[in-house]
Amino acid sequence: MFTLVPLKAMSLLITPILSFNFFITDIQESQLSQYNFNFENDFMFETDEYYNHNTKMDFIFKGKYFIYSVDVKQALYTPTFHELDYLVEGDMKYTSIAETELGIHNIYKDKRLTSFKIGLGYTGKYSGGKETMETVHSILPAKPEFNAWDTQEEKITAKFSVSGFQKQSIFKYSDIIFNENLTLGNIKSFASVGTQLRVGLNLPRSFGLWSAETNKLNYNNLSKYGTNNEFSLYAVVGGHYNYIMNDYTLRDLDINHNLFQFNYGFEARYKKLSVSLLHTRETDRFKTQIDDSYGYTNIMISYSF
């Protein structure tokens, strides 16, 4: 009995160490597998308000056992009356969030994707929101004014998310992807479920097209089940329900806890390069929201190594 107790104690100590070394070794041996550049903006809907812009870069590494991701992004939120140099009661406040997300992902038999992510960031005047907005609108045709960026509040951001995706083939040229997500953080906490239908030629081994604002992985799985580097062209349509628990970008507002989103778009891929476009329309985020025809567009350029 006296020998069993120390052995059990040793096993409890050694097991976490071995598991940690396993992950470190897999990360060290992983190689850059894919790079995504996302430009998400509401310019096609000509709104220039609320969730306004997102620039996101994804670096995805493939290990022997897991897939790892490093995401760097900046999201901008602006009020309806953005030409004023002060805030209007009942309107969204200026918020610029710069953050980095680290993710670990597992794909099971090319049908199931499970993702875990943690994120750290900063919101406030030093997150570059004003400068990004000026740069973006120096390129886009519209030249709106945003005159109260100095009203931002400073805050360190943190979050954790877990997502699951299940892919089911319908016939040769179509499949459907079911997904669920839980995100907990001091900026936004929410749970979501949804589906996305894909129809087209040579569907890639990915798990859908997703908005840059979400925590979901845009990844073309070049796995042992096939590289799928042929020409691919397909359309997507989907819907999602989100239950919003808290949202810092809507601080001091009466938020709508039930948010519905409708997505549609397409992706074209040739060998290792792809370009996609995804439109998102959604219901009002807060109860005093003025613009009811709100939406945004994500343009993503992706390269697989």
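The values are calculated or read from the model by the stated rules, or taken from the named source; none is laboratory data. Just so we're clear, the structure is a prediction, and the values are computed from it rather than from any experiment. Cβ: placed from backbone, ideal geometry, glycine included. Neighbour counts: every protein chain shown.
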Residue within segment 104-112 that is under 25 Å from Y296 (Cα atoms) and touching a Ser or Thr at 6+ places or on another chain (Cβ under 8 Å) present: no
Test: residue in segment 232-253 that is among the polar types (S, T, N, Q) and modelled with pLDDT under 90: yes
Segment 138-180 - residue that is in a loop (DSSP other than H, G, I, E, B) and among the basic types (K, R) and, of those, nearest to S96 (Cα to Cα): K143
Condition check for Y50: surrounded by 22 or more Cβ atoms within 10 Å (Cβ to Cβ), touching a helix residue (DSSP H, G or I) at 6+ places or on another chain (Cβ under 6 Å) and of a type in the set (S, T, Y): no
Unique match (being within 22 Å of F116 (Cα to Cα) and among the aliphatic types (A, V, I, L, M)) among A191, A142: A191
Residue check for T157: within 23 Å of E49 (Cα to Cα), crowded, with 21+ Cβ neighbours inside 10 Å, touching a strand residue (DSSP E or B) at 6+ places or on another chain (Cβ under 7 Å) and in contact (Cβ under 8 Å) with a residue 60 or more places away in the chain: no
Residue in segment 116-129 that is crowded, with 19+ Cβ neighbours inside 10 Å and over 23 Å from I156 (Cα atoms) present: no
